[in-house]
Every structure is written in structure tokens, then in C-alpha cells.
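Data first, discussion second: the structure below is written as C-alpha cells.
Any read-out appearing in this document is the output of simple, stated calculations on the displayed coordinates, not a laboratory observation. These numbers were taken from a predicted model, which means no experiment stands behind them. Here the Cβ positions follow ideal geometry from the backbone for every residue, glycine too, while neighbour counts run over all protein chains shown.
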Amino acid sequence: MKRILSTFLFLLSFSALASSGVKLEEADIDLSDTASLERGAKYYVTYCLGCHSAKQIRYKRIALDLHLDEAEILKNVAPLGAGIYDQMHSAMNGHDAEKWFGTTPPDLSLIARSRGADWLYSYLKGFYADKTKPTGVNNIVFKDVAMPNVFWQKQGTQVAVMRVIDGHDVVSELKLEQPGQLSPKEFDKMINDLVNFLVYVGEPVQLERQAMGKYVLFFILMFTGLAYLLKKEFWKDVH
């Protein structure tokens, strides 16, 4: 019953996303690209860890998976004062977060598994100026989101191009009104690295699981063949 209910909720959420008319951009996920993962980890600590924890991963695990020296991870990735065995904890407490943003920022350990890489990629690129909101921005993927655009200096300022559908104003596209510190191509790469890291955090053993899967399938095929030959041997004298 739980599995059926989970499947139903997933399909419902997917249907809701599709009906919003937002076409998700495709993220280029490559968990074998350790350089991208390291950059993504740096971006996460710099731009996300202030509000969002990722408690299911430790800096030690990141160092092992990315084949990096522990001292290098502590120097170049982890925040000042963090230990190699620490989880990725946010410095913000839930009470202050709820007071400032109206809600407690969620832990992002499994966000890539629950939302999907393309959703995250489109969401992080989808902020646009909206003076009616307390944070001054809205999001084309997640309407009325409480999160501010922490990447505005890198991305620049986007504005929404509106069109009327069934009597309602709908965002049709976003245009860059004021350039940021990075070019659009450089910013896309930055966000892709960050999403790549979040996909890794959601399942650090994904590459190992996929590699092991080939051997499991080979074993199943071999076992099936042996079982078939054994069945023929047992039943050859039965008429």
C-alpha cells in the first residue's frame, strides 16, 4: 500500500509540474567527473550551507570518493572550523530561519532524488525580479518560493516576459536584464556542477551500484542457464 501511495503521489506531482507549462532544462550529470563534483561541493558550502544542511554526507566521505587529500577538503571545501568527520551542517538554526523566511530551509541530502536533477537545474536558474515578493524575486519553476536568489551576483538580474493564458498572466520566458559576474554559459556550468554534487550526495554509491549491476545481471543469466540445464536433466526420463 505504501508503494502504491508513493507512486500515486509521484505521478501527481509530475502531472502538476507538467500542467504548469514549465519546460525543464536538462542537466548534464556525470558522477565520474570528480573535478565537477569538487567544484559543486565548494559552491554548496559557499552559497547553500548557510541555510541548508546536507546531513547525510560527511567531508571524509567526499574526500574518499573524490580521491582527494583530507587536508585539501578541509582547506578548499569545508567551512572554517569543520572537522573531516563532520556532517555538512548549516550554521543557521531553524527558529531564525522560520522568522526570516517564513519556513525552515530543508535539508538537501535527498533533494536530487525527490525532485530530480533537471528540476533542480531549472529551479536554480529560474529566479527573476519580482518587487511584490519580500525577497525581491520569484521563480519560474517554484512560484512564490521563499528562498532568495543567492546567485544574483553571478547570474545577474532576470526579468519575466509575461503572456495571458485563459485570462491569467503567465511567465513565458526569462530575459537577462542586467548581466552578472559570469557569462550565461559560465553560470550554467556553475549550476550544473552544483546539481551534479547534489545528485552525488543523494546516492554516493551510485557508480558502484551501476558497476556491480553488470556482474549481478551476468550471474543471473548464468544461473538461469544452469537451472535450465539442471531441469532438463531431472525431467529427461519423465514422460
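The table below gives the values:
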| read-out | value |
| --- | --- |
| Cross-link pairs Lys133/Lys189; Lys42/Lys75; Lys99/Lys133; Lys133/Lys185 - those with Cα-Cα distance over 20 Å | Lys133/Lys189; Lys133/Lys185 |
| Amide proton proximity set for Gln158, modelled H, under 5 Å, gap of 5+ | Ala129, Glu177 |
| Stretchable slack from Leu230 to Asn76, in nm (0.36 nm times residue separation minus alpha-carbon distance) | 49.6 nm |
| Spatially proximal aspartates and glutamates relative to Lys55 (Cα-Cα < 16 Å; intrachain offsets below 8 disregarded) | Asp86, Asp107, Glu203 |
| Eligible lysines near Lys23 by straight Cα distance, threshold 17 Å, same-chain separation 8 or greater | Lys125, Lys143, Lys175 |
| For the range 102-213: rounded, prolate or oblate by the Cα gyration tensor [a/c cutoff 1.5] | prolate |
| Stretch gain in nm, segment Leu110-Tyr47, where the contour uses 0.36 nm per residue and the Cα spacing is subtracted | 20.9 nm |
| Cα-only radius of gyration and Dmax that characterise the chain, units Å | 23.0, 84 |
| In the range 41-86, chymotrypsin sites (Phe, Trp or Tyr not before Pro) in a DSSP loop with at most 11 other beta-carbon atoms within 10 Å | Tyr85 |
| Percent RCO, i.e. relative contact order, over the range 23-204, from Cα pairs under 8 Å lying at least 6 residues apart | 29 percent |
| Helix-only [θ]222 nm of the chain, DSSP H runs n ≥ 4, -39500 (n - 2.57) each, per residue, nearest 500 | -15000 deg cm²/dmol |
| Packing-based exposure ordering (other Cβ within 10 Å, fewest first) of Met162, Met88, Met190, Met147 | Met162, Met147, Met190, Met88 |
| Exposed-site-free run, longest, the chain (rule: trypsin sites (Lys or Arg not before Pro); DSSP loop; at most 13 other C-beta within 10 Å) | 24-130 |
| Cα long-axis angle, helix 206-235 against the chain (0 to 90 degrees, to the nearest 10) | 20 degrees |
